1. P(r) for the range 64-170: what percent of alpha-carbon pairs falls in each 10 Å bin, starting at zero?
2. Relative to the longest principal axis of the C-alpha atoms of the chain, give the angle of the C-alpha long axis of helix 151-163, reported between 0 and 90° and rounded to the nearest 10°.
3. Mind checking Rg over Rh on the range 1-155, alpha carbons, Kirkwood formula for Rh?
4. Report, to the nearest 10°, how far helix 2-15 tilts away from the longest principal axis of the Cα atoms in the chain, using its own Cα long axis and a range of 0 to 90°.
5. Compare the peptides 29-37, 98-106, 114-122, 79-87 by average per-residue count of other Cβ atoms within 10 angstrom and give them in order, highest first.
6. Assign one of three labels to the range 2-59, namely rounded, prolate or oblate, based on the Cα gyration tensor with a ≥ b ≥ c the square roots of its eigenvalues; rounded applies when a/c is under 1.5, prolate when it is not and a/b is larger than b/c, and oblate otherwise.
């Protein structure tokens, strides 16, 4: 019974244009959210590239053209919205945030933020959870993978982040 359910879950994610919440998947499949979490773990173990984002589950898709870069930035919690807005306002997707933990090594959080609405939802969830930013571990220093349709947008992002004092350069 669980193999057909996992195939159904995978098919649902393949059709989805946006991430699908665990609660939504659970309701559609008639199971608990915990069963969805377990099914996702089994799918990952089988090689499926299922991502858990702040907006729900999604399949990792291969990028189609465009540009991608890793930007090093530093700022405090109060500048988070400003930094993220600067990126999404240019039409870039903020794919993730990465910090280098002194014990655990690289820690990565998937974001997949594409709009001001995505940023607002992320910040509301952060505030509601009482969780801190990953960058708190490194005094505000963190990396973002950004993706967009053109290389010039990433160049503009570097200029804008530099202007705002967030970009870390050698």
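Throughout, read-outs are computed from the coordinates displayed, never taken from laboratory work. This structure is a prediction, so every number in the text was calculated from the model and none was measured. No Cβ is skipped: glycine too gets one built from the backbone with ideal geometry, and neighbour counts run over all protein chains shown.
1. Taking all Cα pairs of the range 64-170, the binned fractions are 15, 50, 30, 4 percent.
2. With rounding to tens, the tilt is 60 degrees.
3. Values: Rg = 16.8 Å, Rh = 16.9 Å.
Answer for the range 1-155: 0.99.
4. Helix 2-15 sits at roughly 40 degrees to that axis.
5. Working: 29-37: 14.6, 98-106: 11.2, 114-122: 16.1, 79-87: 17.9.
Per-residue Cβ counts within 10 Å, averaged per peptide and sorted highest first, yield 79-87, 114-122, 29-37, 98-106.
6. Details: a/c = 1.32, a/b = 1.05, b/c = 1.25.
Taking the square roots of the gyration eigenvalues as a ≥ b ≥ c, the range 2-59 is rounded.
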